[in-house]
Amino acid sequence: MRSVVGRCEMANEVIEFALLAWREDGIWRSSRLSNDAVNDIGIALDALRAQQVDGGAIAMLAIDDAFFIIIRQIGARLQMMLSDVMTALDYEIAAEVLELLDIESPADDDADEPAGDLSLLEDLGIDAMELQTICDDGEMYPDEQLEAIARRIGFGEQFTEVLDNE
């Protein structure tokens, strides 16, 4: 058994989750969103709007072993990114993200690449190039990619704790 977010290698268990993270009084907090959030982007958007604090809030969604979505809301400003544009061909939630970003759906022969605002975490220490590198890492599952991002911006322990407590 691997310690990263509790993925069981022997059972090849698929990790799907949605969580919300925010800073309150300079301390990162996080909570799990409803399991329905991995199928309905509106649930994550509603949670972000309800959690308005200094610096905004971040929603992280890992879907199957295929991709992840990061959404950030700061005041009225909404930023989001999808780790692999090609997933919009097979997953409705990925297609919804592209629609919200006003990005055309990919063609079957397009390249696997992230879409959206890759600079959405820049003020937290992850620039667009680093986020692109994480998205391109084919050796990591989406939950591992999100854990790496959470650790890099300062709430890795809270991230792991939230997922391990489910």
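The values are calculated or read from the model by the stated rules, or taken from the named source; none is laboratory data. Quick caveat, the model's predicted, so the values are computed rather than measured. Cβ sites come from the backbone with ideal geometry, for glycine too, and all protein chains shown count toward neighbours. With ligands, DNA and RNA removed, areas are computed over all heavy atoms of the protein, side chains included. Shrake-Rupley method; radii C 1.70, N 1.55, O 1.52, S 1.80 Å.
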(request) Determine, for each peptide in 103-109, 115-121, 142-148, the mean count of other beta carbons within 10 angstrom over its residues, then list the peptides with the highest first. (result) 142-148, 115-121, 103-109
(message) Bins of 5 Å, beginning at zero and ending with the bin holding the largest distance: percent of Cα pairs per bin for the stretch 28-121, please.
(response) 3, 14, 26, 25, 19, 9, 4, 1, 0
(request) Determine the gain in length on full extension of the stretch residue 92-residue 110; use 0.36 nm per residue of separation and subtract their C-alpha separation, reporting nm with one decimal. (result) 4.7 nm
(message) Under a Cβ-only charge scheme (Lys and Arg +1, Asp and Glu -1), can you give me the dipole magnitude of the chain about the Cα centre, in debye to the nearest 20?
(response) 900
(message) Given a 1.4 angstrom probe, I'd like the percentage of the accessible area of the chain that is carbon and sulfur, rounded to a whole number.
(response) 44
(message) What is the sum of charges, Lys and Arg at +1 and Asp and Glu at -1, for the other residues whose Cβ falls under 9 Å from the Cβ of residue 66?
(response) -4
(request) Determine the sum of side-chain charges near residue 151: Lys and Arg each +1, Asp and Glu each -1, restricted to other residues whose C-beta is under 12 angstrom from that of residue 151. (result) -2
(request) Compute the distance in nm between two label points, each set 7 Å from the Cα along the Cα-to-Cβ direction, one at residue 65 and one at residue 39. (result) 2.2
(request) Treat each spin label as a single point 7 Å out from the Cα along the C-beta direction, and report the residue 137 to residue 32 distance in nm. (result) 2.4
(request) Write down the accessible area per residue of the chain in Å², having rolled a 1.4 Å probe over the full set of protein chains. (result) 50
